[in-house]
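Take a look at the structure set out below.
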Amino acid sequence: MLKTILAGLRARTARLVLSSIAIALGVAFVTGTLVLSDAVEAQTRDNFARGARNVDAAVHMTENSPNRENGVPADFVGKIRATQGVAGADAREFGSAALLSSDNKARNALVQPLPTTEKLRDFDLKDGKFPVKADEAAIDTKTAQVAKLKVGDELKLLDEDNAEHSFTIVGTYQQGASSISMSGSDHVVVSPEGLRTVIPKQHVYEIVAVAKDGVSQQQLVDNITKAIGPGYEVQTGEQLTKATLEQVGDAAGEIRSVLLAFAAISLVVAGMVIYNTFTILVAQRTKELALLRCVGAERGQVFRSVLAEAVFMGLAASILGILGGLGVSAGLQAFIGSVGGPSGDDFPIRLPITWTTIAAGFAVGVVVTVLSAVLPARRATKVAPVAALRSQPDSQDDVARTGKVRVALALLVALAGGAAVYLGLQQEKEEPAMFITGGATMVLLLAVLLLGPLYVPLVNRLFGKALRGVPAKLASANAGRNPKRTAATTAALMIGVTIVAMVTVVAGSGRETMAKKVDERFPADYEVTSNVYSQPLSQKFADELAKVRNVEKIAPELQVYGESDKLKYGDVTGYPSDAIGTLVRPELASGTLTGLEDDQIVLREREAKDVGLSIGSSVKINDKIFEVAALIKDNTYGAGIVTLPAAQAIMKDDRKGYQKLLVKLAPGTDITVARADLERAIASSPVAVLNSAAETKAELNAQIDQILLFIWALVGLALVIALFGIANTLTLSVLERTRESALLRALGLTRGQLRQMLVVESILMALIGAVVGVVLGAGFGWLLVEALSNPELRISYSIPFGQIGVMLGLAVVAAVIAAALPARRAARNSVVAGMAEA
């Protein structure tokens, strides 16, 4: 039997290639994901651990310290440096400043002092040198790229009073990953003296020290603890490293889980392709297998021979997939490196291939292939040898009508999915609602897959009615004569399209909802924001803006961080009283927004319900008591809205301005002319940026498009595998229908018409899978939209027909490409040779 199996594999090599590619792609996705996640984990840990490099002791404020906001006392640096066993110590701090670009506009920059102890620098110098003098600075490599600055250029920073300070750039660096380096701001390092010129107020969040030779980390910690007294947390370097890595969390694990979920989809699709391939091959080899039975082979030997072919194919596909996975991982890492890590970090390509990854690749490839071949192999042993010898090699026995067991099973699965949908929609929190409902849609998808042989002929006939011409009619007949085969072929594509369509519908609904919310909440024509957190827009600037031609009203926005005796979070947003309800229109749950007094507050409904507050109740925020005047559903204002004077009264910090100004134009104003006037007005402030509602929506849409493109790319592999399945089915069908095609040619069908017939058949199968997938995706998308909606945010269901149309168009184009080689082969076959084939 082994010789027979090997001979069969050699004879059917070409037929198995496409199927092997399908499995190899799935294995490549799995192994590539495992290698990538291991590489990301190693790189992430290296980056975050860099901040604890060479540190023997670190001093922090304790979690429950009442003075935590003030940071570690700066004079502790001197005490620690004078402590026995300390070789060096430095304070870690940062401040926000405005970095002036060449167009005199500001960018937010975080400025840090360079540690005087060289061992304690978590910066890696890339070019030039570190700053020593008060007028020298170094910038991280990412800032250098974005701001187009280099060593030798002049760097201008503005302090909180808008005073300009000039520095000479003497070097560039990279910094380990941290909440500071990953903030998204520009990054500048200056000498400790230089920092005080820009940011006079010192705020130390950590003091780090290095020990002298022969002094252990624990000894150093004990000595420092005695020197500074109780009330502070002092860690060893090892403890700091461990705590830092714990804060990172299992980010790589989350990435791995997401990618493996999409890899599982690809493997399911690949499994369907393999199942379909073996079903066709077994049907075509009916006489061959019957002959083996007649010459003495037992049922078990025939069964094992088919599975052995699957094992060989799975092993070959696994080897290709593992090698391909390394390439996939390297490509993704190269892409990440081109984008840049935190602070422009290099992202070196790592290929940490482990035995676990190799074992997973082989296990997935072989197991999926063998499982997919079990049913066809079992079917091969059920036909009596004599009956099989009388049968034709065409797989007409696969045309059996869908049995009652299949329908009953599909109904049971659908009922289970429906119950899960009901459970998911009853959840109050968005996360469990999304996961339960999302899982339920996959159960419903399984029910639809089970019913494939029932609906596929109906859809095929529907499309067939629109076709004209003999080749097209023949294509429809070919697609409909083997319902199970067509259903299995289209199911693979349907799964991928369903998921893509579902995500696209959810994203489109989110896009539509956000656009409506932007229009509803911000009826202001423009808003002016500060690009630098530490540089708010002054009242003087607001007054000047109010004088601009055609400006009817300016409404400052002031966000205040507060603490409440009843609310979990006491942060509120302040606006002028006459702007609340006009320029600022949150979705009202109860009460009224107009005429809000300085001792009244508009509370978020959910926050109020959680603590039992209602209209007329009192709540204390930062030593001021407010009466609840209204409840709103929006969650974009913190705990609620107060008047601007009330916000200023409870503000604890010493800010001298606003982060945002809402601008309302006079009725009938030319929006283009008004924008030009406003642009000229804000030119006087380097930190002011002008935005409109349209620009805000465009920014939000860009973020949604990025997420959508990412998901399309991940599911794209499953779609590619599904198209391989269509090409594979057509290729095997061409071999199976050699005599039939020759007969059609003999009856007058031209080579071109034969090619057209196969292309149309491919398009029909692609459209059946794509159209059913789109319908299911739209329905499942609606279920997810309902699950994600809540009383505070009702998502509007919307189908992005443009993107759906593109998806269907791509399916047709891909189907034409998939049919190219099978159609070419069929057209090139000799009529005489085809008629003579047994």
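Read the figures in this text as sums done on the coordinates, not as results from a lab. Given the structure is predicted, the values throughout are model-derived calculations rather than measurements. All Cβ positions, even for glycine, are placed from backbone atoms using ideal geometry, and neighbour counts span all protein chains on display.
When the gyration tensor of the chain is built from Cα positions, what are the square roots of 5 times its three eigenvalues, in whole Å, from largest to smallest?
63, 35, 25
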Percent RCO, i.e. relative contact order, over the chain, from Cα pairs under 8 Å lying at least 6 residues apart
16 percent
Segment Val673-Tyr561, extension gain: residue separation times 0.36 nm, minus the distance between their alpha carbons:
36.6 nm
What is the helix-to-structure angle for 13-49, meaning the angle in degrees between its Cα long axis and the longest Cα principal axis of the chain, kept from 0 to 90 and rounded to the nearest 10?
10 degrees
Just to confirm the filter: which trypsin sites (Lys or Arg not before Pro) across the range 539-646 are DSSP coil and have at most 10 other Cβ within 10 angstrom of their Cβ?
Lys547, Lys568
Quick P(r) readout (the range 405-450; Cα-Cα; 10 Å bins; whole %) gives 34, 44, 18, 4
Simple Cβ-charge dipole of the chain, Lys/Arg +1 and Asp/Glu -1, about Cα centre, in debye nearest 20:
5880 debye
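Rounded to the nearest 5, what % of the DSSP beta bridges within the range 495-648 are antiparallel ones?
Around 55 percent of the beta bridges assigned by DSSP in the range 495-648 are antiparallel ones.
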Would you kindly state how much longer the chain becomes between Ser614 and Leu411 on full extension, computed as 0.36 nm times their sequence separation minus their alpha carbon distance, in nm to one decimal?
68.3 nm
Could you give the angle, 0 to 90 degrees to the nearest 10, between helix 751-788's Cα long axis and the longest principal axis of the Cα atoms of the chain?
40 degrees
Which whole-number percent is the relative contact order of the range 405-450 (Cα, under 8 Å, 6+ apart)?
51 percent
Tell me, Asp161, Asp571 in order of fewest to most beta-carbon neighbours within 10 Å?
Asp161, Asp571
If the chain between Ala698 and Leu425 were fully extended at 0.36 nm per residue, the gain over the current Cα-Cα distance would be 95.2 nm
Beta bridge orientation in the range 66-230: antiparallel %, DSSP, nearest 5:
75 percent
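Which whole-number percentage describes the relative contact order of the range 538-684, with Cα contacts under 8 Å and a sequence gap of 6 or more?
Over the range 538-684, the number comes to 35 percent.
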Would you work out which of Thr696, Ile495, Gln202 lies farthest towards the positive end of the dipole of the chain? Charges go on Cβ: Lys and Arg +1, Asp and Glu -1.
Ile495
For the range 188-334, what is the convex hull volume of its Cα atoms per residue in Å³?
274 Å³
Using the basic label-point model (7 angstrom from Cα toward the beta carbon), what is the Leu245 to Val775 distance in nanometres?
5.4 nm
By counting other Cβ atoms within 10 Å of each Cβ, how are Lys652, Lys517 ranked from fewest to most?
Lys652, Lys517
Apply 1/(1 + (r/R0)^6) to the Cβ-Cβ distance of Asp46 and Thr529, taking R0 = 56 Å, and write down the FRET efficiency to the nearest 0.05.
0.95
Radius 14 Å from Cβ of Ala702, net charge of other residues (Lys, Arg +1; Asp, Glu -1):
-1
For Lys517, go through the lysines and keep the ones whose alpha-carbon is under 17 Å away, minus same-chain ones fewer than eight residues off.
Lys633, Lys697
Student exercise, the range 419-559 dipole from Lys, Arg, Asp, Glu Cβ charges, in Debye to nearest 20
1320 debye
Quick check on the chain: of the DSSP beta bridges with both residues there, what percent are antiparallel, nearest 5%?
75 percent
Please list the non-local residues whose amide H lies under 5 Å from the amide H of Tyr173, H modeled 1.01 Å from N, same-chain partners needing a gap of 5 or more.
Lys126, Ile139, Asp140, Thr141
Rank these for me by crowding, Thr172, Thr582, going from fewest to most other beta carbons within 10 Å.
Thr582, Thr172
If one takes the longest principal axis of the Cα atoms in the chain, at what angle in degrees, from 0 to 90 and to the nearest 10, does the Cα axis of helix 452-465 lie?
80 degrees
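Taking the Cβ of Arg92 as the centre, find all other residues whose Cβ is under 11 Å away and add up their charges (Lys, Arg: +1; Asp, Glu: -1).
Around Arg92, the charge tally is -3.
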How large is the dipole of the range 538-684 about the Cα centre if only Lys and Arg carry +1 and Asp and Glu carry -1, each at its Cβ, rounded to the nearest 20 debye?
280 debye
Highest to lowest packing among 83-96, 227-240, scored as the average C-beta count within 10 Å:
83-96, 227-240
Check which residues have an amide H placed less than 5 Å from Ile632's amide H, if you skip close sequence neighbours.
Ala589, Leu603, Arg604, Glu605
